[in-house]
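J.: Take this structure, written in structure tokens, and hold onto it; I'll ask about it next.
The values are calculated or read from the model by the stated rules, or taken from the named source; none is laboratory data. Worth saying up front: this structure is predicted, and the values here are computed from it rather than measured. Note that each Cβ is placed from the backbone with ideal geometry, even for glycine, and that neighbours are counted across all protein chains shown. When the accessible area is computed, the model is the full protein with side chains, heavy atoms only, and any ligands, DNA or RNA have been set aside. Shrake-Rupley method; radii C 1.70, N 1.55, O 1.52, S 1.80 Å.
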Amino acid sequence: MTYDILVISGGGDWGAFGAGVPKGWRRVTGEFARPHFDVVTGVSTGALIAPFAFLGDEASIDRILQMYRNPQEGIVNLLATRMVWQSCSMSTVTPATRCKNHRFPAEIISHAVWLYFRFCLSFRDVEELLLEHGVVVTYEAIRKWCRKFGQQ
């Protein structure tokens, strides 16, 4: 028995590319026409696109495109990047002071360190997550930040 499986990545431009592919694929005919998929899943924002792509009808595809083109406040805000960080110390030193002489703002460094420790990710995983939001930083820099600023 074989299964047709589609895995959707978030792609670039905050998921707009991943949302546009199903729309364009519906127009293709012949040998490369969109098959019926037994399983559809996604990574990152592709996971939000997957249920609509699985349904595959015009209304579902248009719905996901509208969600990306006209984001509304609600349960999921597709375009918002929230900088969240945690501090375990009672230090009065501000993050901006602690991160002085670093190339990235304190919010980026704090978020990277928080991601690493909160979700038990690898340094490369954190690097990829930040890259999805347009922050280009090496895993080695993240390793140094975690060593310097993490779990104090």
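J.: Is it the case, given these coordinates, that residue 76 is assigned to a loop (DSSP other than H, G, I, E, B), modelled with pLDDT under 70 and surrounded by fewer than 15 Cβ atoms within 10 Å (Cβ to Cβ)?
T.: Numbers: assigned to a loop (DSSP other than H, G, I, E, B): yes; modelled with pLDDT under 70: yes; surrounded by fewer than 15 Cβ atoms within 10 Å (Cβ to Cβ): yes.
Yes, satisfied.
J.: Which condition number does residue 47 fail, the rest of (1) part of a helix (DSSP H, G or I); (2) more than 29 Å from residue 149 (Cβ to Cβ); (3) at pLDDT 80 or above; (4) open to solvent by less than 60 Å² (accessible area, probe 1.4 Å) being met?
T.: (3)
J.: Here is a follow-up. Which residues, taken from the stretch 1-20, are at pLDDT 80 or above and open to solvent by 40 Å² or more (accessible area, probe 1.4 Å)?
T.: The first filter runs over the stretch 1-20 and keeps only residues at pLDDT 80 or above, leaving 1-8.
1, 2, 3, 4, 5, 7 - these are the residues of the stretch 1-20 that are at pLDDT 80 or above and open to solvent by 40 Å² or more (accessible area, probe 1.4 Å).
J.: Only one residue in 143, 82, 98 is at pLDDT below 60 and farther than 24 Å from residue 17 by Cβ, so which one is that? Step through it out loud before you land on a result.
T.: Details: 143 fails: at pLDDT below 60; 82 fails: farther than 24 Å from residue 17 by Cβ.
The match here is 98.
J.: If you don't mind, there's one more thing I want to ask. Just to be sure before I move on: is residue 54 touching a strand residue (DSSP E or B) at 6+ places or on another chain (Cβ under 6 Å), among the aromatic types (Phe, Trp, Tyr), open to solvent by 50 Å² or more (accessible area, probe 1.4 Å) and at pLDDT 75 or above in the structure I sent? Full working, then the answer.
T.: Details: touching a strand residue (DSSP E or B) at 6+ places or on another chain (Cβ under 6 Å): yes; among the aromatic types (Phe, Trp, Tyr): yes; open to solvent by 50 Å² or more (accessible area, probe 1.4 Å): yes; at pLDDT 75 or above: yes.
When the stated conditions are applied, residue 54 passes them.
J.: Here's something else I'd like to know. When residues of the stretch 131-152 are filtered for being under 14 Å from the mean Cα position of the chain (by Cα), surrounded by fewer than 13 Cβ atoms within 10 Å (Cβ to Cβ) and touching a residue at least 24 places away in the same chain (Cβ under 8 Å), how many remain?
T.: Looking only at that region, the number is 1.
Every residue, every condition in (1) touching a Gly at 6+ places or on another chain (Cβ under 6 Å); (2) of a type in the set (Ser, Thr, Tyr); (3) open to solvent by less than 50 Å² (accessible area, probe 1.4 Å); (4) under 21 Å from residue 44 (Cβ atoms), yes or no:
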| position | (1), (2), (3), (4) |
| --- | --- |
| 113 | yes, no, yes, yes |
| 116 | no, yes, no, yes |
| 125 | no, no, no, yes |
| 129 | no, no, no, yes |
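J.: Name every residue in the stretch 100-144 that is within 22 Å of residue 9 (Cα to Cα) and β-branched (Val, Ile, Thr), in order of residue number.
T.: If the condition is that a residue be within 22 Å of residue 9 (Cα to Cα) and β-branched (Val, Ile, Thr), then 126, 135, 136, 137, 138 are the ones that fit.
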